[in-house]
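> Handing you a structure now.
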Amino acid sequence: MAQLIDGKAVSAQIKEELKEKTAKKKEQGVEISLAVIQVGNDPASSVYVNNKKKACEYIGINSIAYELPEETTEKELIDLVEELNERKDVNGILVQLPLPPHIDEDKIIKTISPKKDVDGFHPQSVGALCIGQPGFVSCTPAGIIELLKRNHIEIEGKECVVIGRSNIVGKPMALLLLRENGTVTVTHSKTKNLKEICRRADILIVAIGKPRFITEEYVKEGAVVIDVGIHRNENNKLCGDVDFESVEPHCSAITPVPGGVGPMTIAMLMNNCVESVD
Ligand code: NAP
């Protein structure tokens, strides 16, 4: 049986460590504050925003919530972000995505000061990651590296295959694996021979955005499989991009959905908030 990589447990451990660090900073008179902006009331976004607020509260980070109406203009949102960039009492700024279609997400991301870009989406943060300089790193891929390390799964020298090249998961994931000295292949919708490429992987990271797409034919015997996907199946139950039942018997280790990568994203966001005052 494959080792189950428990994201819930690792995330809880990280949150405990961050809680301690935050308490120490408080003793030294340093407060940490995260501004969380939501535009409109998309139910999924509201759930994510609430979870982030709860995590802040648990760790001892002040969260300052901005719940703006759907009709908020791009200019109004830019003005708010610029005001928060200037505020000394705000260390991190998070704009919950997706934004309503009349607001250009890229423009908003670029407006956030790289010093407060706790999501790690600003082009300067991505560029810093690319050339190996310090900066905030996108939370989901950063969480995956932490999951691997804390489960003693070596990356150095390993064949790592990433399925997906999105700006928030696939691309930063590939850069982080490279930073850890993995040998990295990035695949996407135009990749030929996806199965064969995946079967080379010692570590297979799946962020394809298609429920249970990856079956046993994509997986080498003994591989480590990390499932980034989150979907609801026909019975309204959560499932990933990996067909867990078919793949699990062939892996040495695998993340479940739920309870794998998901909980790590918030833990790493909190980590970025704490680092924002270092
Ligand atoms: P995305 O932006 O939709 O990207 C999907 C990627 O998969 C694209 O690069 C696409 O290629 C590639 N792809 C699609 N069909 C393919 C195929 N048949 N063969 C090979 N590659 C294919 O998704 P994302 O934002 O990266 O998210 C991926 C999944 O992770 C989603 O299920 C999402 O819900 C989940 N997610 C989870 C968390 C978490 O905290 N656990 C965070 C973020 C995302 P092209 O570039 O060629 O289109």
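The values are calculated or read from the model by the stated rules, or taken from the named source; none is laboratory data. Note that the coordinates shown come from a computational prediction; the quantities given were computed from them, not determined experimentally. With ideal geometry, Cβ positions are generated from the backbone for all residues, glycine too; neighbour counts draw on all protein chains shown. Just the protein is used for accessible areas: all its heavy atoms, side chains included, with ligands, DNA and RNA removed. Shrake-Rupley method; radii C 1.70, N 1.55, O 1.52, S 1.80 Å.
> Using the Cα centre of the chain as the reference point, and only Cβ charges (+1 on K/R, -1 on D/E), how large is the resulting charge dipole? Debye, rounded to the nearest 20.
Numbers: 33 positive and 41 negative charges, 93 e Å.
Around 440 debye, computed over the chain.
> Shifting gears a bit: Work from the charge dipole of the chain (Cβ charges, +1 for Lys and Arg, -1 for Asp and Glu, about the Cα centre) and give the residue of 269, 123, 3 farthest towards its positive end.
3
> Using a 1.4 angstrom probe on the protein heavy atoms only, line up 17, 76, 105 by accessible area, largest first.
76, 17, 105
> Okay, helix-only estimate at 222 nm for the chain: each DSSP H run of n ≥ 4 adds -39500 (n - 2.57), divide by all residues, round to 500 deg cm²/dmol; what do you get?
Rounded to the nearest 500, the figure is -12000 deg cm²/dmol.
> Using a 1.4 Å probe and ignoring any ligands, DNA or RNA, find the accessible area of residue 104 and quote it in Å² to the nearest 10.
70
> If the label point is 7 Å along Cα→Cβ of residue 12, which residues in the range 138-157 have backbone nitrogen under 20 Å from it?
In the range 138-157, the label zone of residue 12 (backbone N under 20 Å from the point 7 Å along Cα→Cβ) covers 143-144, 146-152.
> Calculate, for the chain, the solvent-accessible area per residue in square angstrom, rolling a 1.4 angstrom probe over the heavy atoms of the protein chains.
Normalised by residue count, the accessible surface of the chain is 50 Å².
> Moving to a separate point now. Of all the accessible heavy-atom surface of the chain, with the other protein chains kept in place and a 1.4 Å probe, what percent is carbon and sulfur? Provide the component values of the computation, followed by the final result.
Values: 7030 of 13760 Å².
Accessible surface attributable to carbon and sulfur in the chain totals 51 percent.
> Shifting gears a bit: Sort the following peptides by mean Cβ neighbour count (other Cβ atoms within 10 Å, averaged over residues), highest first: 231-238, 115-122.
115-122, 231-238
> Can you compute the charge dipole magnitude of the range 30-114 about its Cα centre, using +1 on each Lys and Arg Cβ and -1 on each Asp and Glu Cβ, nothing else charged? Give it in debye, rounded to the nearest 20. Display every interim value, and only then the final one.
Values: 8 positive and 16 negative charges, 80 e Å.
Computed charge dipole of the range 30-114: roughly 380 debye.
> Next up: For the range 127-197, give the magnitude of the charge dipole about the Cα centre (Cβ charges: +1 Lys/Arg, -1 Asp/Glu; no others), in debye to the nearest 20.
280
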